[in-house]
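Peer 1: Quick one: the structure is below, questions incoming.
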Ligand code: NAI
């Protein structure tokens, strides 16, 4: 059995609660992984005086694959987002979020099968903000041809490899004619090279409306950073909430897998968080490291427990704790 070495960032808030049972499930799926575990964010700041300790960065640089729990980012003041810094430092330019109905999970719509492709390194998340004069703040939105072309290429290549039919580029180029205009133009130019994949564009407010009216009409969504962040949560709400949607941050050399949800401070320490999102992120990671059988085992067991509906966490209408839900998946795998 091949041995993998993977960087683990359990995160904070509900991160460690959902990560712990997930690691046991990954092991039960029959993969041999040596985890290299590191703190990040506020916990790392206390212990190492930095939110991104060098040991963690070195570990990810070397291992090239990481599984990460959510990390809290203080609102308004305090340190910069660990997530944004990780994505920028390792050039994890593509954020891939599959939004799909799961068996047994009550949702507003059936047959939802969306792929959100979010540009992960620039836009308003470039972090270039300053005070112009007291009472006036400025935040720079950076859109480059290089990053827009590369994310558009990623989306089209993904569509081809995964037999998707069409891509909609989401923008606000009617108002931000230069920045969003460039993003849209790069997507249009790329679409010319992929004649078998349908291409359209949607203004972001209309895209939100279309998603809420009938998400089954859309397929792959291509968005710049901020719109991708917002639309991901909206789309998660269509299929059962943040507890069930995974994500991957991909670059040319490195890959980091995590859930779409954050550290959920409102339910931290209560053992009620739904680990589905991080389990599905782990399955994406197993596919990425060519452990497709183990990924399938994990998904099949998860789907079976969800479909039976006897042991669901509270966000899905049940009363099971995080550990009870994970134990049910474990038993399913042992059958
Ligand atoms: P959040 O995603 O943590 O929570 C939003 C709502 O969804 C809350 O009511 C929460 O209880 C619920 N929820 C989230 N995950 C759940 C789960 N697995 N099971 C059941 N319910 C769940 O978003 P919020 O409150 O805006 O952010 C909290 C912190 O997380 C912030 O500091 C934010 O910056 C950070 N964050 C980190 C991310 C990451 O590390 N990738 C992503 C998003 C937010």
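Peer 1: For region 144-181, what are the residues that are surrounded by 11 or more Cβ atoms within 10 Å (Cβ to Cβ), part of a loop (DSSP other than H, G, I, E, B) and under 21 Å from the mean Cα position of the chain (by Cα)?
Peer 2: Of everything in region 144-181, just one residue is surrounded by 11 or more Cβ atoms within 10 Å (Cβ to Cβ), part of a loop (DSSP other than H, G, I, E, B) and under 21 Å from the mean Cα position of the chain (by Cα), namely 164.
Peer 1: May I pose another question? Could you please find all residues in region 182-206 being surrounded by 16 or more Cβ atoms within 10 Å (Cβ to Cβ), over 23 Å from the mean Cα position of the chain (by Cα) and free of Cβ contacts under 8 Å to residues at least 40 places away in the same chain?
Peer 2: 182, 185, 191, 194, 199
Peer 1: Find all pairs meeting these conditions: Cβ atoms under 9 angstrom apart; at least six residues apart or on different chains; first residue within region 302-317 and touching a residue at least 24 places away in the same chain (Cβ under 8 Å); second residue part of a strand (DSSP E or B).
Peer 2: So the pair list comes out as 312/320; 313/320; 314/320.
Peer 1: Can you find even one residue in region 62-72 that is assigned to a helix (DSSP H, G or I) and surrounded by fewer than 21 Cβ atoms within 10 Å (Cβ to Cβ)? First the steps, then the outcome.
Peer 2: Taking region 62-72 and keeping what is assigned to a helix (DSSP H, G or I), we get 62-63.
Within this subset, residues satisfying the condition of being surrounded by fewer than 21 Cβ atoms within 10 Å (Cβ to Cβ) are 62-63.
Yes: region 62-72 contains one or more residues that are assigned to a helix (DSSP H, G or I) and surrounded by fewer than 21 Cβ atoms within 10 Å (Cβ to Cβ).
Peer 1: Ok, one more. Could you tell me which residue of region 117-126 is surrounded by the most Cβ atoms within 10 Å (Cβ to Cβ), considering only residues that are in a loop (DSSP other than H, G, I, E, B) and within 15 Å of the chain's Cα centre (by Cα)?
Peer 2: From region 117-126, those in a loop (DSSP other than H, G, I, E, B) are 120-122; that's our starting set.
Cutting the leftovers down to within 15 Å of the chain's Cα centre (by Cα) gives us 120-121.
Details: 120: 27, 121: 24.
Only one residue tops the list, namely 120.
Peer 1: Right, another one. Could you check region 99-123 and list, in sequence order, the residues that are within 16 Å of the ligand (Cβ to nearest atom), in contact with a strand residue (DSSP E or B) (Cβ under 6 Å, 6 or more places away or on another chain) and not assigned by TED's automatic domain parsing to the domain that holds residue 217?
Peer 2: Result: 99, single match.
Peer 1: Here's a follow-up. Six or more apart or on different chains, Cβ atoms under 7 Å: show the pairs whose first residue is in region 6-24 and more than 22 Å from residue 288 (Cα to Cα) and whose second is part of a helix (DSSP H, G or I) and away from the ligand (no atom under 11 Å from the Cβ).
Peer 2: Every condition considered, the pairs that remain are 12/43.
Peer 1: Looking at 92, 114, 184, can you tell me which residue is assigned to a strand (DSSP E or B) and either in contact with a helix residue (DSSP H, G or I) (Cβ under 9 Å, 6 or more places away or on another chain) or over 29 Å from residue 241 (Cβ atoms) (or both)?
Peer 2: 114
Peer 1: Yes or no: residue 129 closer than 23 Å to residue 90 by Cα and more than 19 Å from the chain's Cα centre (by Cα)?
Peer 2: Values: closer than 23 Å to residue 90 by Cα: yes; more than 19 Å from the chain's Cα centre (by Cα): yes.
It is true that residue 129 is closer than 23 Å to residue 90 by Cα and more than 19 Å from the chain's Cα centre (by Cα).
Peer 1: Take region 240-286 and flag every residue that is away from the ligand (no atom under 12 Å from the Cβ) and within 19 Å of residue 93 (Cα to Cα).
Peer 2: 250, 251, 252, 253, 254, 255, 284, 285
Peer 1: Restricting to region 25-56, give me the number of residues that are in a helix (DSSP H, G or I) and touching a strand residue (DSSP E or B) at 6+ places or on another chain (Cβ under 8 Å).
Peer 2: Applying the first criterion (in a helix (DSSP H, G or I)) to region 25-56 yields 25-28, 42-48, 54-56.
Keeping just the survivors that are touching a strand residue (DSSP E or B) at 6+ places or on another chain (Cβ under 8 Å) gives 26-27, 56.
Going through region 25-56 one residue at a time, the tally reaches 3.
Peer 1: Would you mind telling me which numbered condition in (1) outside any loop (DSSP other than H, G, I, E, B); (2) touching a helix residue (DSSP H, G or I) at 6+ places or on another chain (Cβ under 9 Å); (3) within 16 Å of the ligand (Cβ to nearest atom) residue 318 fails?
Peer 2: (1)
Peer 1: Quickly run through region 246-295 and pick out the residues that are without any contact (Cβ under 8 Å) to a residue 24 or more places away in the chain, over 23 Å from residue 113 (Cβ atoms) and assigned to a helix (DSSP H, G or I).
Peer 2: Here is the first cut: in region 246-295, the residues without any contact (Cβ under 8 Å) to a residue 24 or more places away in the chain are 266, 270, 287, 290, 292.
This time we only want the ones that are over 23 Å from residue 113 (Cβ atoms), so: 266, 270, 290.
Correct list: 266 only.
So that you can scan it fast, the table gives a plain yes or no per residue for (1) farther than 27 Å from residue 36 by Cβ; (2) surrounded by fewer than 22 Cβ atoms within 10 Å (Cβ to Cβ):
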| position | (1), (2) |
| --- | --- |
| 75 | yes, yes |
| 80 | no, yes |
| 88 | no, yes |
| 92 | no, no |
| 109 | yes, yes |
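Peer 1: Give the residues of region 6-24 that are more than 15 Å from the ligand (Cβ to nearest atom) and not in a strand (DSSP E or B), sorted by residue number.
Peer 2: 23, 24
Peer 1: Hey, residue 251 hits all of (1) touching a strand residue (DSSP E or B) at 6+ places or on another chain (Cβ under 7 Å); (2) farther than 27 Å from residue 110 by Cα but one; which does it fall short on?
Peer 2: (1)
Peer 1: Any idea which of 77, 17, 34 is out of contact with any helix residue (DSSP H, G or I) (no Cβ under 8 Å at 6 or more places or on another chain), at pLDDT 95 or above and more than 30 Å from residue 153 (Cβ to Cβ)? Steps first, please.
Peer 2: Numbers: 77 fails: at pLDDT 95 or above; 17 fails: out of contact with any helix residue (DSSP H, G or I) (no Cβ under 8 Å at 6 or more places or on another chain).
Step by step, each of 77, 17, 34 is checked, and only 34 is out of contact with any helix residue (DSSP H, G or I) (no Cβ under 8 Å at 6 or more places or on another chain), at pLDDT 95 or above and more than 30 Å from residue 153 (Cβ to Cβ).
Peer 1: What do you reckon, is residue 282 in the same structural domain as residue 68 (by TED's automatic domain parsing) and either farther than 13 Å from residue 105 by Cβ or surrounded by fewer than 24 Cβ atoms within 10 Å (Cβ to Cβ) (or both)? Lay out the reasoning, then the answer.
Peer 2: Numbers: in the same structural domain as residue 68 (by TED's automatic domain parsing): yes; either farther than 13 Å from residue 105 by Cβ or surrounded by fewer than 24 Cβ atoms within 10 Å (Cβ to Cβ) (or both): yes.
It is true that residue 282 is in the same structural domain as residue 68 (by TED's automatic domain parsing) and either farther than 13 Å from residue 105 by Cβ or surrounded by fewer than 24 Cβ atoms within 10 Å (Cβ to Cβ) (or both).
The values are calculated or read from the model by the stated rules, or taken from the named source; none is laboratory data. Worth saying up front: this structure is predicted, and the values here are computed from it rather than measured. Every residue, glycine as well, gets a Cβ built from its backbone with ideal geometry; the counts of neighbours run over all protein chains shown.
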